[in-house]
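Comments concern the structure below.
The values are calculated or read from the model by the stated rules, or taken from the named source; none is laboratory data. All values derive from a computational prediction rather than experimental measurement. As a convention, Cβ positions derive from the backbone with ideal geometry for all residues, glycine included, and neighbour counts pool all protein chains shown.
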Amino acid sequence: MPRPASISRRGLLGGGAAAVGLGGAFAVGRASEAAGSSAGSGSVESERYALRGQHQPGIVTPAQDRLHFAAFDVLTEDRDELIDLLRSWTDAAEEMMAGRAVGSGAIGSFDLPPDDTGEALGLPASGLTITFGFGPGLFATTEGEDRFGLADRRPAGLEDLPHFPGDALIEARSGGDLCVQACAQDPQVAVHAIRNLARIGFGTVSVRWSQLGFGRTSTTSTQQETPRNLFGFKDGTDNVKAEEVDALDEHVWIGADDDPDAAWLAGGSFLVARRIAMDIEVWDRQPLGDQEDFVGRAKGTGAPLSGGEEHTAPDFSLAGSDGPIIPTTSHVAVVHPDHHDGVRMLRRGYNFVDGTTDLGALDAGLFFLAYVRDPRTHFTPVQQAMSRHDALMEYLTVTGSAVFAVPPGAGEGEYVGEPLFG
């Protein structure tokens, strides 16, 4: 029986769109190694992770269920004031990740503002991880002004992403000099972390934009089941897991010889953040067969359309009645590592619903987070391929974008990013 005709996004709305790796097949991850290993046991709410270690937590840590992400503009022009902020943020992050209040806590002198905002009083650590990143503007302004004497230490890979066809970026949702990613099993714990850090930074930094996320869209450990995105498909099936150490070294961690001018970043990574709005209502009116052709996987099981189970390798050469049984324009086919010289990412994205749009549609989608060794080789070519060929582009619009250099973990007595400042 022929499939009923579907209504495309362009046909219904008369507009174009943009896309980024939504990820049925293209994503990687890895759980704990050094920093990020669990210090607790029992329920996920009681889990605790260490701030200090070889790598920052919140990258290879098993992906938590909730996110609060914030990008900041640096207001001060004083290098020492910036360093003091990073030192204070590191101390506060260590306390909050351990399930403790910041400073003297939320109940102190009646004559002074409390050191902690207090909304997490009585709550456990809830697997909180806090991850810091540095944006291009921390090193130089768009006019080339060296703000803090760091311009000659800017990593070559830390540059604004190119404009991809169909991007509809909102300036107020893009960029940033600093970023903080707070992930936890409890949304209040994640929000508390960002709120406290913003309070500590008042006058030195200001929040440029932030994003709440729920329902992780990746799996970074063999102990986790593959989650689903808001299109209803399993997302992140082929992520590199915690046990695949070599893949992390090849695709995520920056090597000591990658960039001689940015040796301070060795052991760190780059973070690409993209806010992707989904046309939920239009998608929901597509026949199931068309949805599966757009993604390249079965909606129920997550198996590739070429057959097998969820983790069966896709067979892109298997013929169907009208060409390859996995369409060449499917998301799986366009972004699969086999078609990008084996390049992979570590994805830690989240679903979001931010109310409704002016047209009454859900303002919902995927907050895409990917850690890569170099955005120029590990992200941009994949995004360019999606912009040209991916059928999902009709249902996706990128409204926010940013890239950050994520320094390695802090050692005992250090603040995050200390090697950058020498």
### Query
Restricted to segment 355-366, and to residues that are assigned to a loop (DSSP other than H, G, I, E, B) and of a type in the set (A, V, I, L, M, F, W, C), which residue is nearest to the chain's Cα centre (by Cα)?
ALA361
### Query
Counting just the residues of segment 168-208 that are under 15 Å from PHE367 (Cα atoms) and buried (at least 21 other Cβ atoms within 10 Å of the Cβ), which one comes out nearest to the chain's Cα centre (by Cα)?
GLN181
### Message
Of all residues being within 17 Å of the chain's Cα centre (by Cα) and not hydroxyl-bearing (Ser, Thr, Tyr) in segment 377-395, which is farthest from LEU169 (Cα to Cα)? Just the residue, please.
### Response
HIS378
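Tell me which residues, restricted to segment 216-234, are small (Gly, Ala, Ser) and at pLDDT 95 or above.
Selection gives GLY232 alone.
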### Query
Would it be correct to say that ARG275 is in contact (Cβ under 8 Å) with a residue 12 or more places away in the chain and under 23 Å from the mean Cα position of the chain (by Cα)?
yes
### Message
Being within 19 Å of the chain's Cα centre (by Cα) and of a type in the set (Lys, Arg) is the filter here; which residues of segment 50-89 pass it?
### Response
ARG66
#### Entry: Among the candidates PHE352, PHE270, residue that is under 30 Å from LEU420 (Cβ atoms) and assigned to a strand (DSSP E or B)
PHE270
#### Entry: Out of ALA101, ALA93, sole residue that is closer than 18 Å to ARG52 by Cβ and crowded, with 16+ Cβ neighbours inside 10 Å
ALA93
### ALA361, sole failed condition from (1) under 15 Å from GLY236 (Cα atoms); (2) in contact (Cβ under 8 Å) with a residue 60 or more places away in the chain; (3) among the aliphatic types (A, V, I, L, M)
(1)
### Task
Give me a count of the residues in segment 266-306 that are basic (Lys, Arg) and surrounded by 20 or more Cβ atoms within 10 Å (Cβ to Cβ).
3
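Quick one: in segment 345-374, which of the residues that are farther than 18 Å from THR399 by Cβ and in contact with an Asp or Glu (Cβ under 8 Å, 6 or more places away or on another chain) is surrounded by the fewest Cβ atoms within 10 Å (Cβ to Cβ)?
Going through segment 345-374, the residues farther than 18 Å from THR399 by Cβ turn out to be 345-348, 371-374.
Now narrow it down to the ones that are in contact with an Asp or Glu (Cβ under 8 Å, 6 or more places away or on another chain): 373-374.
On the way: ARG373: 25, ASP374: 19.
Looking at the filtered set, the residue picked out is ASP374.
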## Note on the structure
A careful count of residues in segment 252-273 that are within 18 Å of ARG344 (Cα to Cα) and either out of contact with any helix residue (DSSP H, G or I) (no Cβ under 7 Å at 6 or more places or on another chain) or modelled with pLDDT under 95 (or both) gives 9
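Here's the yes/no breakdown for (1) assigned to a helix (DSSP H, G or I); (2) modelled with pLDDT under 95; (3) of a type in the set (A, V, I, L, M, F, W, C):
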residue: GLY236; (1), (2), (3): no, yes, no
residue: ALA242; (1), (2), (3): no, yes, yes
residue: ARG275; (1), (2), (3): no, no, no
residue: VAL282; (1), (2), (3): yes, no, yes
residue: ARG285; (1), (2), (3): no, no, no
### Query
Checking ARG195 against (1) touching an Asp or Glu at 6+ places or on another chain (Cβ under 8 Å); (2) in a helix (DSSP H, G or I); (3) of a type outside the set (Asp, Glu); (4) free of Cβ contacts under 8 Å to residues at least 60 places away in the same chain, which single condition isn't satisfied?
(4)
### Query
How many of the residues making up segment 191-206 are farther than 15 Å from LEU75 by Cβ and either in contact with a Ser or Thr (Cβ under 8 Å, 6 or more places away or on another chain) or of a type in the set (D, E, K, R) (or both)?
4
### Task
Can you tell me which residue among PRO327, PRO314 is within 21 Å of GLU394 (Cα to Cα), modelled with pLDDT of 95 or more, surrounded by 17 or more Cβ atoms within 10 Å (Cβ to Cβ) and over 23 Å from the mean Cα position of the chain (by Cα)?
PRO327
#### Entry: Any pair with Cβ under 7 angstrom, 6 or more apart, that starts in segment 303-316 at a residue that is at negative phi and ends at one that is among the aliphatic types (A, V, I, L, M) and not in a loop (DSSP other than H, G, I, E, B)
PRO304/VAL332; PRO314/VAL332; PHE316/ALA333
### Message
Against the definition (within 25 Å of HIS389 (Cα to Cα) and surrounded by 15 or more Cβ atoms within 10 Å (Cβ to Cβ)), how does VAL252 come out, yes or no?
### Response
no
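The rows are residues; the columns are (1) at pLDDT 50 or above; (2) crowded, with 17+ Cβ neighbours inside 10 Å.
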site	(1), (2)
SER32	no, yes
ALA35	no, yes
SER41	no, no
LEU51	yes, yes
HIS68	yes, yes
LEU82	yes, yes
### Task
Search segment 332-349 for residues being among the hydrophobic types (A, V, I, L, M, F, W, C) and not in a strand (DSSP E or B), and hand back the single one that is farthest from ARG228 (Cα to Cα).
VAL343
